[in-house]
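Heads up: the structure comes next, in structure tokens.
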Amino acid sequence: MEQRHLGRTGLRVSRIGLGTLTWGRDTDEHDAADLLKTFWEAGGTLVDTADVYGDGEAEYLLGQLMDGLVPRRDLVISTKAGSVPDPDRRVDGSRGHLLSALDASLARLGTDHVDVWHLHSYDPATPLEETLQALDIAVASGRARYAGVADFCGWQLARAATWQLAAPGSRARLASTQMEYSLLQRGVEREVLPAALDTGVGLLPSSPLGRGVLTGKYRGDTVPSDSRRASEHMAAFVEPYLDDTASRIVDAVTTAADGLAVTPLQVALAWVRDRPGVTAPVVGARNARQLAAALSVEALSLPDEICRALDDVSAPVHRYPDHDWSTL
């Protein structure tokens, strides 16, 4: 699998990442082992997890698999901290909480360092410089090799990245940001992507297949029994992308796939993988068969005319102040 630099850093990662959101909950140890082995054998390196996935079970399971199935040195492990199961405070970006959470992640993973450590969300209740200092301490102490953020909007990302760049050598520059990005969700193009490109931060898109909708599995009234839409705790996650606008985009993706003799999944994933500023979409497959289907996109590059057609049908509406004021 082709390797790409993560943002403006020397770290190289596979241009498709493996997500572990369902590990330890819907994905058991046997399926997780099959997923990791399939990914590794295809040349994949970037494995993304978080301390809250499966209440820590995803990290623990990954650590167990690295102990015997796949060598730790062959993987780029990314984890996240900051989200907390507290209805009154869903994010804790305090230095104390973050560093304690990192130590707990390392214990579950069974390793002395993670390759990329992400802040899981922006915490408005904690001074940003305190939150970012946790990243500096983690990198300086060797517990994390690189640092990033997740779910920061445009101004938050620009502020954080610029703060880190203001003191080179003493602050860890941001290597990456994780945000949802697909043909069904192009909101990051408004401010997040421009900020990331300007500050040298690589984008790791989550839900690159539009929460599964872009595979075409939900066309018409179809609801596969093993799909997220059929899952009691995941149906609400899929529901926002089942409207008429999404249907038109899925139809266009399917038409493009038919013309190229490939699958809608391959078309949708190739489109987001090769967007400017994107380093590696993170794919969360349920089983090895689904993952193999996603990894088969490696050989596909979409023709320019297909990209333009998909761009047009999925174009988000950005008005003031994004458009040139003279055209308003």
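The values are calculated or read from the model by the stated rules, or taken from the named source; none is laboratory data. Treat the numbers as computed from the prediction; the structure is a model and nothing was measured. Here the Cβ is made from the backbone with ideal geometry for all residues, glycine too, and neighbour counts use every protein chain on show. Please note that ligands, DNA and RNA were not included when accessible areas were found on the heavy atoms of the full protein model with its side chains. Shrake-Rupley method; radii C 1.70, N 1.55, O 1.52, S 1.80 Å.
Here are the numbers for this structure:
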{"item": "Residues of the chain: accessible area per residue with a 1.4 Å probe, Å²", "result": "45 Å²"}
{"item": "Exposure of H113 as accessible area (Å², to 10), given a probe of 1.4 Å and all protein chains", "result": "30 Å²"}
{"item": "DSSP-defined antiparallel bridges as percent of all bridges, segment 29-136, nearest 5", "result": "10 percent"}
{"item": "Within the chain: Cβ-based charge dipole about Cα centre, in debye rounded to nearest 20 (Lys, Arg +1; Asp, Glu -1)", "result": "640 debye"}
{"item": "Dipole of the chain [Lys/Arg +1, Asp/Glu -1 at C-beta], most positive-end residue of L183, G200, Y53", "result": "G200"}
{"item": "Other-chain or far-sequence residues with amide H under 5 Å of T27's (modelled H)", "result": "none"}
{"item": "Heavy atoms of M1 accessible to a 1.4 Å probe, total area in Å² rounded to 10", "result": "50 Å²"}
{"item": "Fraction of accessible area attributable to carbon and sulfur, the chain (%, probe 1.4 Å)", "result": "50 percent"}
{"item": "Structure-based [θ]222 nm, the chain - -39500 (n - 2.57) summed over DSSP H runs of at least 4, per residue, nearest 500", "result": "-11000 deg cm²/dmol"}
{"item": "Rounded to the nearest 10 Å², the accessible area of L165 at probe 1.4 Å", "result": "70 Å²"}
